[in-house]
Amino acid sequence: MKVVDIDGSTLSLALYDDVAHSKELQHSVQAGKLEPEVAFLNASLIPDIFPVLAAAHKTLVTKARDSLTTRTLHSELVYNYSGSKHITESLKRCGISESSTYVLAARFNASADEMEAVRKIVNGKEIDLEELEGRAGVAEIQKLYKVPGLELGIGSLADAITCRIASRDAL
């Protein structure tokens with residue numbers, strides 16, 4: 001688990017593998033019955049935590065402006081991580097699915113007890129965040145974010161995703 005400070009708020013991140021009951025987690029998230037509330041992202045679409053931090057910053061800015069696009073702060077994080085302006089499509093592609101076994105859990109301003117509750121909810125094996133880069137689905141990410149091979153010659157995949165997150169609303 002890693003806790004990152006973002007403009008006076010914190011974002012707690014935990015990476016899980018071998019998640020056995022993602023279908024139940026997905027239904028709980030969709031119904032808004034997950035306690036504590038947490039964002040579950042498809043970890044195979046995350047080559048590094050930096051784009052997640054960019055999406056988290058964008059989420060906190062929209063919250064401060066009282067202009068969330070989605071119903072909750074944590075679903076807004078998943079939405080902002082995606083490259084799409086379509087909410088449903090964003091949550092389907094970048095959020096947890098029924099068959100997910102590799103998941104990144106993220107919670108804003110989490111206490112130690114809340115993150116322990118997340119650990120119990122997930123029922124998977126927590127692994128080091130350093131594994132993100134080696135396990136990222138590069139071809140899937142390139143397709144989702146429309147990253148051409150030439151762009152990877154001048155920057156990283158994480159850079160490409162971050163640029164798309166930052167510029168999505170301007171395009």
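Every number in this text was worked out from the coordinates using simple rules, so none of it is lab data. Keep in mind that what you see is a predicted model, and the values were worked out from it rather than measured. As a convention, Cβ positions derive from the backbone with ideal geometry for all residues, glycine included, and neighbour counts pool all protein chains shown.
Structural remarks
- Adding -39500 (n - 2.57) for every DSSP H run of four residues or longer, then dividing by how many residues the chain holds, sets the calculated 222 nm ellipticity at -13500 deg cm²/dmol.
- For region 74-171, the set of trypsin sites (Lys or Arg not before Pro) satisfying both a DSSP loop assignment and a count of at most 12 other C-beta atoms within 10 Å is given as 85, 146.
- Were the residues from residue 126 through residue 1 laid out at 0.36 nm apart, the gain over their Cα-Cα distance would be 44.2 nm.
- Calculated FRET efficiency for the pair residue 150/residue 119, C-beta based, R₀ 45 Å, to 0.05: 0.60
- Chain lengthening between residue 143 and residue 17 when straightened (0.36 nm per residue, less Cα-Cα): 43.0 nm
- Stretching residue 27 away from residue 169 to a fully extended chain increases their span by 48.2 nm, per 0.36 nm per residue minus the current alpha-carbon distance.
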